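What follows is a single structure, written as structure tokens, with notes after it.
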Amino acid sequence: MLLFCPCCANALTAAEGNERYKFICHTCPFKFDITRLISKKSFPKLKELDDVLGGSAAWANVDATDERCPKCAHPRAYFMQIQTRSADEPMTTFYKCCNHECAHRWRD
């Protein structure tokens, strides 16, 4: 949490006082005693892998290749390549089974 001085609008810093902690301004004589615990935790919601890859529309215009599905053994699969690591690493190939009843997804 970042608080600002109401007098000069500079950022306040926490300092240890005689009996308690306080916020002080280094530009003007403003001081604010901290009387209660000030904390706030918020965790961002992580995206699903499908959202990172572009959602359901990402598979709309992809090509198919001869790759056997490990789940249903269908001989064809859709594929797309995405650079998931640094530029000097090879691209990651993502597959989706062409059998619409299976639609299994895996990566190579």
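Of the residues examined, residue 40 is not one that is touching a strand residue (DSSP E or B) at 6+ places or on another chain (Cβ under 8 Å) and of a type in the set (Lys, Arg).
For beta carbons closer than 7 Å, sequence separation of 6+ or different chains, a first residue in the stretch 92-108 that is on the phi < 0 side of the Ramachandran plot and open to solvent by 40 Å² or more (accessible area, probe 1.4 Å) and a second that is in a loop (DSSP other than H, G, I, E, B) and among the charged types (D, E, K, R), the qualifying pairs are 104/71.
Do we find that residue 15 is modelled with pLDDT under 90, part of a strand (DSSP E or B) and either small (Gly, Ala, Ser) or surrounded by 12 or more Cβ atoms within 10 Å (Cβ to Cβ) (or both) in this structure? First the steps, then the outcome.
On the way: modelled with pLDDT under 90: yes; part of a strand (DSSP E or B): yes; either small (Gly, Ala, Ser) or surrounded by 12 or more Cβ atoms within 10 Å (Cβ to Cβ) (or both): yes.
Yes: the conditions hold for residue 15.
The values are calculated or read from the model by the stated rules, or taken from the named source; none is laboratory data. As the structure is a computational prediction, the values presented were derived from the model and not from experiment. Because the Cβ atoms are built from the backbone with ideal geometry, glycine has one as well, and the counts that use them run over all protein chains shown. What goes into the accessible areas is simple: the full protein's heavy atoms, side chains included, and nothing from ligands, DNA or RNA. Shrake-Rupley method; radii C 1.70, N 1.55, O 1.52, S 1.80 Å.
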